[in-house]
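What follows is a set of notes on a single structure, which appears directly below.
The values are calculated or read from the model by the stated rules, or taken from the named source; none is laboratory data. All values reported here derive from a predicted model rather than from experimental measurement. Ideal geometry is used to build each Cβ from the backbone, glycine not excepted, and the neighbour counts take in all protein chains shown. Side chains are part of the model used for accessible areas, which takes the heavy atoms of the whole protein and leaves out ligands, DNA and RNA. Shrake-Rupley method; radii C 1.70, N 1.55, O 1.52, S 1.80 Å.
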Amino acid sequence: MTMQTMLANPLASIVLMHADDLLMLGHVQSDWTGLAPILEEDIAASSMAQDDLSHALVLYQYLAEEFDLDPDAIAFDRDPADYRCCNLTTVPDEFDWAVSMCKRWLLSTYTKLGLDRLALVDEGDLGDRCARLRDESAIHVAHLGAWMIRLGTGSTESNERMQAALNLLAEEAGMMFEPPDLGFESDEGFCCGRGEMFDEWATLVGATLSEAGLQASFTLPDQAARGGRRGEHAGHFSEQHAEMTEVRRAEPATAW
Amino acid sequence: MSKIREIPLSFDADLPPATPDGRHWVVYTAKRDGAPFKWAGYVDAPDQELALQFAREHYGLDEACVGIICHEHAAATDGPYGLEPLQPGNAEGEDGQDWTVFTLLKRGGNHQTAGTVKAPDADTAIDRATTRFADGKIRSIRVVPNSQVFQTTESELLIWRTHDMTYKLAKGYSKDVRAKWSQFRDEQTYEQYRKEDIARHF
């Protein structure tokens, strides 16, 4: 089978969009190693970035086995337009901890719900893999949610900075729910319902925001709105993708 | 190193005043269900929830770990520590609050949970714990009010991650690096042999 076979498979495209989100998020979050505001969180955030990369690998390995491909090739060798990550993952945080924190929290909450649904899929060992990843994802959501509340309620400055970060990211967040092109003409077809998943996500993040004294308005974009899930990536994706694949392109067979 | 790191960090004004240090917490981990919680290290955190979150990332991933407890450093009271092992006392009683008892099994070792006693205050708790747990072998006793010992909940029990983290362990690192050095050395040896062989024959 070929990469194109995988890309044309509806279930694979759902798996791929989560894997790509995690790969990109883990990659960019690794930049914070050594730079996070306090030592304890520096270690924790780095550890969770490793988790994200590892979770992406677990999903790529599933796809590799299903479609007889190399997981590294899936991760690094696709055309940029074949990546299914949403644009939120690569929005630059410009080393603003508030932006990094909000972005990871919004995405982790979404990923957890996506894995909840994939864990129910009876297709090879995909369900088992996602059930395992879901538990780890829940730890991320709890950790990041705890920080959202503390930074939202910590001081006037921390509240303002978190609110500014949310204002920056809120519009892009809805596009996490953009369906990939294939086989998802209706909301219900989008892995147990796009609208239902959005409502569940909005309820969860709304509860934490309320406790944190923060406000954000999220809307489910129209089906026609196109973004990263359908390969129409922002410029910041191209920059991150180019950097992430630099070694792979220079030395395709390199290994450590 | 990422190119993003090449961006110089700049500040428009003086840095804001430093925030106070977090509270200091002592962390203990259990390697398997039913095993005692053994001292693992410390974390700084503003409250117990984040202390456990940090402890999970710092100490829960370094070795087998099925549970974590922590308490604020200031909540602990340590009993006498001597050159000789503690001998059992005769203080007894069932009044007061519950205290978690940690024992030090050998000099230079680490504390681990031993059980609980009831006592109205820390000194009495140490006396009663000495009666109950000192067996002529342990070196010291620490007590912490049960209400100030915090533990990962059932929903948070998952600590080991899906991915292979042996590279974080000294033994894993040693094994991996040794293998790479062996390979490198073998290649060097072969290259040297090849050069000498060519020189000998041609």
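Side notes on the structure shown:
- The gain in end-to-end length when the A:D42 to A:E196 segment is fully stretched comes to 51.9 nm, 0.36 nm per residue minus the alpha carbon separation.
- With every protein chain in place, region A:3-250: carbon and sulfur % of accessible area (1.4 Å): 52 percent
- Degrees, to the nearest 10: A:194-212 long Cα axis against longest axis of chain A: 30 degrees
- With both labels modelled 7 Å from their Cα along Cα-to-Cβ, the A:Q215 to A:H236 distance reads 2.4 nm.
- Accessible area that becomes buried as A packs against B, both chains, 1.4 Å probe, Å², nearest 100: 2600 Å²
- Pairwise FRET efficiency - B:A199 versus B:R32, Cβ, R0 = 51 Å, nearest 0.05: 0.30
- Charged side chains reduced to their Cβ positions (Lys and Arg at +1, Asp and Glu at -1) give region B:19-125 a dipole of some 480 debye around its Cα centre.
- Residue-averaged 222 nm ellipticity for chain A, from DSSP H runs of 4+ at -39500 (n - 2.57), nearest 500: -21000 deg cm²/dmol
- Accessible area per residue for region A:205-256, computed on protein heavy atoms with a 1.4 Å probe, is 58 Å².
- Assuming charge only on the beta carbon of Lys and Arg (+1) and of Asp and Glu (-1), the dipole of region A:3-250 about its Cα centre is about 320 debye to the nearest 20.
- Å² per residue, accessible surface of region B:20-162 at 1.4 Å: 49 Å²
- As a length-normalised measure over Cα pairs under 8 Å and 6 or more apart, the relative contact order of chain A settles at 23 percent.
- Full-stretch length increase - A:E251, A:A131 - with 0.36 nm per residue and alpha-carbon distance subtracted: 39.7 nm
- Kirkwood radius and radius of gyration were both taken over the C-alpha atoms of region A:1-95, and their ratio Rg/Rh is 1.04.
- Angle in degrees between helix A:39-67 and the longest Cα principal axis of chain A, rounded to the nearest 10: 20 degrees
- Computed log₁₀ I(q)/I(0) - Debye formula, equal Cα scatterers, no solvent, chain A, q 0.11, 0.12, 0.13 Å⁻¹: -0.56, -0.67, -0.80
- Annotation: extensible slack from A:A81 through A:Q4 equals 26.5 nm (criterion: 0.36 nm per residue apart, minus Cα-Cα distance).
- For region A:19-27, backbone phi angles converted through the Karplus equation (6.51, -1.76, 1.60; θ = phi - 60°) give residue-by-residue couplings of 4, 5, 4, 5, 4, 5, 5, x, 5 Hz, Gly and Pro being listed as x.
- Taken about its Cα centre, region A:18-164 carries a charge dipole of about 660 debye when Lys and Arg each add +1 at the Cβ and Asp and Glu each add -1 at the Cβ.
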